[in-house]
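Let me begin by presenting the structure, written as C-alpha cells, before commenting on it.
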Amino acid sequence: MRVVLLGPQRRPTVDTVVRSLRLDGPIATITAGWQEREPDDELGKHLGSRDVNLSLYGRWLDVQERDPGFAAGERRLNGVLEEVQDIYLLRLDYALQAVYAVQRRSANDPVRTDALAEAVAAVRELDAAHLHRISDLRDEFYQAREPHARPVIAEHRAAVAGLLGDTAALVIAGGHVGVLAHTLHLFDVAPSLRSPVIAWSAGAMALTDRIVLFHDRSPQGFGHPEIYGRGLGVLRNVVPLPHARARLLLDDAPRMAVFARRFSPARCILLESGTSVEVDSDGNCPPGTRVLAENGRVTSVEAV
Amino acid sequence: MTTVTGPAVSRKLAINRLRERRPLESAMVDRFLARHDVPIVEGGRCTFVYRGEADQVCLVHRTFGLPERILLRQLRGTDLWYVIVELPEGSRFEYQLEVAHGEQRERINDPLNSRLAHSPLGSSSVCYARGYEVPEWTLPDPEARPGTLVDFVVPSRALRRDCQAMVYLPARFRRTARYPMLIAHDGGDYLRYAAAKTVLDNLIHRLDVAETIVAFVSPGERLAEYANSAAHARYLTAELVPWLEAEFPLAGTPSARCLMGASFGAVAALSAAYRYPAVYGSLLLQSGSFVFTDIGNDHGGGPVFEPVVRFVNRYRAAPRRVADRVFVSCGVYEPLIIRNRSMVPTFEAAGMAVRYVEARDGHSWENWRDRLREGLSWIFPGPQKFFYE
C-alpha cells in the first residue's frame with residue numbers, strides 16, 4: 001500500500017501531490033472528520049473535480065435515523081468507552097507524574113536511568129492494556145450488533161465498497177479523529193482501500209494501528225498524550241504528529257523524550273504545513289523526514 | 001481585548017509631575033485629566049483622582065488587606081484629590097468614592113472612570129491594574145454559534161414553590177446526542193453579571209468546553225435555601241435533575257453532572273452533593289462562603305451564616321468524598337480567601353481531585369466570570385484534543 005502523509009492543508013498541497021502521482025480516474029475522498037461540513041466541496045477544486053466523496057458522516061447520520069436500535073447501542077458503547085478513557089487518564093496521570101519525577105532527579109547514574117526505564121515501561125504497559133481493553137469493547141459491540149447483517153449499514157457498506165472499487169486513489173482529510181475513525185470502521189473501508197492513499201492530520205492518524213491524541217496548549221496547560229483506539233492499521237509503527245509545533249511544547253526536550261520513548265519503536269513523524277512524506281506500511285519513511293527522537297529533539301531521518 | 005499597560009515604573013508618576021508645577025492653575029488640571037485615563041496606571045502604582053469641592057474624599061472598597069477607607073489628599077490650591085495605591089500586576093480592583101460635605105457623605109462611582117462592574121447590589125467602578133486583561137472569550141464573538149436559552153418552570157414540592165429555570169442548549173443541539181449537565185446556582189446573576197451565555201457560546205465554539213446543557217436556577221429565599229438547606233438539596237436532586245434528564249438528552253451519569261455556585265451558591269452546591277454523594281461527579285465552587293470556626297462560635301458572619309458554619313464545621317471535622325472532582329477558585333482580595341484555601345486540603349483529604357485557582361480579584365461576578373474557562377474546561381473538557389484539521 002502506497003501512503004502519502006501530508007501536513008495541514010490550510011495552504012493546500014494535495015493538488016500538487018495528486019498531480020505528481022499521475023493518477024488516472026476518479027479519486028475517492030473521505031471528509032467525515034469535518035462532520036456537518038462534509039458536503040462542502042472544498043476538496044473538489046483541488047482535485048480537478050475528479051473527487052467522489054464517500055459521505056461517511058452523512059451515512060452515519062442516516063444510520064442514526066434509520067436504525068435507532070444500533071444508534072442507541074452505539075451511544076451506550078460511547079458512554080462506556082468514555083468512562084474507561086477517564087479511568088485510563090487518571091492512571092496515566094499518576095504513571096507519567098512518576099516518570100517526570102524520576103526524570104527530574106538530578107543524579108544521572110545507572111540507578112536513576114534504570115528507574116526511568118522502568119517508569120516508562122509501566123506507562124507503555126498501561127497504554128497497551130488500555131488499547132487492548134477498548135479494542136475488546138468495540139469488538140464485542142460489533143460482534144453483538146452484527147453491523148454487516150443490519151440492512152441500513154449493509155447497504156451503505158456495499159455502496160462504499162462500490163465507489164472505492166471505481167477509483168484510482170483515496171484522499172482522507174482531517175477533522176475530528178474520533179468521528180473519522182469510527183465511520184471508517186463502521187463502513188468497513190479497510191478491505192476496499194485503493195492505493196495510493198493520501199491523508200493529512202486526523203486522516204493520517206486514522207490510518208495507523210494506534211491513534212495517539214496529544215494537545216499541550218489547552219486551557220489547563222499541557223495534557224498527557226493518550227491512546228484513543230485503533231485506526232485502520234494501514235500504517236504500523238507510526239505516530240503522526242499533525243501541527244506538531246502548534247500543538248506540542250517541542251522545546252520541552254525532557255517531556256518530548258518521554259513521548260518518543262513511550263511510543264518507540266514507532267516513529268513520531270512531524271506533519272507541519274507543507275510536509276509530504278511517503279511512508280510504507282511498517283512506518284519506514286525517506287531520509288529527511290522530520291521525526292521526534294528519543295532524546296526529545298526534532299531530528300531528520302538519515303539515509304541508511 | 002482590553003489590555004492595561006503602564007510606562008516603566010522608574011518614571012516619576014504623572015501626579016507628582018503635576019504637583020511640581022508652579023503656579024498650579026486650574027487649566028493645568030484640566031489638561032492633566034484630559035491626557036490621562038483615570039485611574040492612572042503606572043507600573044504597579046495606580047493613582048485615583050477626584051475633582052470637585054469637598055471636605056473629604058475617600059476611596060472605599062472591599063479589598064481584603066487594604067484599609068477599608070483610603071483618604072485622598074487634596075492637591076494644594078486646586079480642587080483635585082488624589083491617592084496612590086500599589087496594585088500588584090494583574091489585579092482587578094473594584095471601588096467607589098465617598099465624598100463628604102460637612103456631615104453629609106455620599107458614595108459614588110468614580111465620575112472620571114467609565115469602567116463599571118455590576119452585581120445584584122448595584123455597580124461600582126473598577127480599576128484594571130497593569131497586566132489585567134478582560135479575557136477575550138468573555139466578549140461576544142461573531143464567529144461563535146450562539147446557543148439558546150429556554151425558560152422553564154419546575155414545580156417543587158421540596159421548596160413548596162414553582163422554581164424558575166433557564167436552560168442553555170448549545171448551538172447545533174441534537175436530540176440524538178448525549179450531553180453533560182451543569183446546574184448553576186444564582187443562574188440569573190451568572191447570565192447577567194458573568195456573561196455566562198457568551199462565555200459558554202465562545203468556549204464551546206473554541207472546543208475548550210464540551211457541548212453542555214446548563215440549567216441556570218435562581219433562589220427564592222437565597223440566604224435560607226443556599227445555606228445548607230435539605231429542601232434545596234432535595235429539590236435539586238430528587239426533582240430538578242430527574243426533570244432535566246427526562247426533558248433533555250443528558251448522559252445521566254455522575255461524571256456528566258456538575259453543580260456550580262459562587263459565594264452562598266457554592267455552599268448550596270457543596271451541601272447538595274454532601275447530602276447526595278453518589279449523584280454529582282463534579283463541583284465548581286467559586287469564592288465559597290465556607291465560613292467556619294476552629295474554636296468558639298465567633299465567626300463574624302452574623303446570623304445568616306449560622307447554618308453555614310455548622311455545616312462547614314461538621315464537614316471539616318469529618319471530610320467526606322462528595323464528588324470525584326472539585327474546582328475551587330477564589331480572589332486573593334476577598335476575606336474568604338483563607339476559608340477557601342483551608343478547604344482545599346480538606347477536599348483532598350476526602351479523596352477528591354481538586355483544582356484550585358486564585359486570582360488577584362475580589363468577591364465579584366467578573367472574577368467568577370474570568371475563572372469560568374479554567375473551571376469549565378477542567379470539569380467538562382472540550383473535544384479540542386480530537387481535532388486535527
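Quick notes on this one:
- Condition met for B:Ile40 (touching a Cys at 6+ places or on another chain (Cβ under 8 Å) and at pLDDT 95 or above): yes
- Out of B:Ser255, B:Ser271, B:Ser289, sole residue that is of a type in the set (S, T, N, Q), assigned to a helix (DSSP H, G or I) and within 18 Å of B:Ala317 (Cα to Cα): B:Ser271
- Of all residues in the range A:198-219, those satisfying the criterion of being away from chain B (no Cβ under 14 Å) and either surrounded by 21 or more Cβ atoms within 10 Å (Cβ to Cβ) or in contact with a Leu (Cβ under 6 Å, 6 or more places away or on another chain) (or both) are A:Ile198, A:Arg210.
- Members of the range A:152-197 that are within 14 Å of chain B (Cβ to nearest Cβ) and crowded, with 23+ Cβ neighbours inside 10 Å: A:Ile172, A:Ala173, A:Gly174, A:Gly175, A:Val177, A:Leu180, A:Ala181, A:Thr183
- B:Ser329 passes every criterion in (1) away from every other protein chain (no Cβ under 14 Å); (2) under 19 Å from B:Tyr280 (Cβ atoms) apart from (1).
- Residues of the range A:249-294 satisfying the condition of being outside any loop (DSSP other than H, G, I, E, B) and of a type in the set (S, T, N, Q): A:Ser276
- Cβ-Cβ distances below 6 Å connect the following pairs, each with a first residue in the range A:228-246 that is within 14 Å of chain B (Cβ to nearest Cβ), a second residue that is in a helix (DSSP H, G or I) and of a type outside the set (S, T, N, Q), and a separation of six or more residues or different chains: A:Gly229/A:Ile134; A:Gly231/A:Ala181; A:Gly231/A:Ala206; A:Val239/A:Phe263; A:Pro240/A:Ala204; A:Pro240/A:Met205.
- The sole residue among B:Ser119, B:Ser156, B:Ser124 that is surrounded by 16 or more Cβ atoms within 10 Å (Cβ to Cβ) and modelled with pLDDT under 95 is B:Ser119.
- Residues within the range A:138-184 that are over 28 Å from A:Arg10 (Cβ atoms) and under 19 Å from the mean Cα position of the chain (by Cα), tallied: 2
- Hits in the range A:24-42 (condition: within 14 Å of chain B (Cβ to nearest Cβ) and surrounded by fewer than 22 Cβ atoms within 10 Å (Cβ to Cβ)): A:Trp34, A:Gln35, A:Glu36, A:Arg37, A:Asp40, A:Glu42
- Subset of the range B:77-107 [without any contact (Cβ under 8 Å) to a residue 40 or more places away in the chain and either surrounded by 15 or more Cβ atoms within 10 Å (Cβ to Cβ) or not in a strand (DSSP E or B) (or both)]: B:Trp81, B:Val83, B:Gln96, B:Glu103
Conditions tested, residue by residue: (1) modelled with pLDDT of 95 or more; (2) surrounded by fewer than 16 Cβ atoms within 10 Å (Cβ to Cβ); (3) not β-branched (Val, Ile, Thr).
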residue	(1), (2), (3)
B:Ala272	yes, no, yes
B:Ala278	no, yes, yes
B:Leu283	yes, no, yes
B:Ile295	no, yes, no
B:Val308	yes, no, no
B:Tyr315	yes, no, yes
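- Search result, residues across the range B:229-257 that are within 14 Å of chain A (Cβ to nearest Cβ) and either buried (at least 22 other Cβ atoms within 10 Å of the Cβ) or among the small types (Gly, Ala, Ser) (or both): B:Ala251, B:Gly252, B:Ser255, B:Ala256, B:Arg257
- Pair list, Cβ under 8 Å, 6 or more apart: the range A:161-175 residue part of a strand (DSSP E or B), other residue polar (S, T, N, Q): A:Ala169/A:Ser195; A:Leu170/A:Thr29; A:Val171/A:Thr29; A:Ile172/A:Thr29; A:Gly175/A:Thr31; A:Gly175/A:Gln35; A:Gly175/A:Ser201
- Counted residues, the range B:336-377 - those being buried (at least 20 other Cβ atoms within 10 Å of the Cβ), within 14 Å of chain A (Cβ to nearest Cβ) and not acidic (Asp, Glu): 6
- Counted as qualifying within the range B:316-389 are the helices (runs of 4 or more DSSP H) with 1 or more residues that are more than 30 Å from A:Gly174 (Cα to Cα), of a type in the set (Lys, Arg) and touching an Asp or Glu at 6+ places or on another chain (Cβ under 9 Å), namely B:337-349.
- Condition met for A:Leu92 (more than 26 Å from A:Arg145 (Cα to Cα), away from chain B (no Cβ under 12 Å), touching a helix residue (DSSP H, G or I) at 6+ places or on another chain (Cβ under 9 Å) and assigned to a helix (DSSP H, G or I)): yes
The values are calculated or read from the model by the stated rules, or taken from the named source; none is laboratory data. Bear in mind the structure is a predicted one, so any value in this text is a computation, not a measurement. Ideal geometry is used to build each Cβ from the backbone, glycine not excepted, and the neighbour counts take in all protein chains shown.
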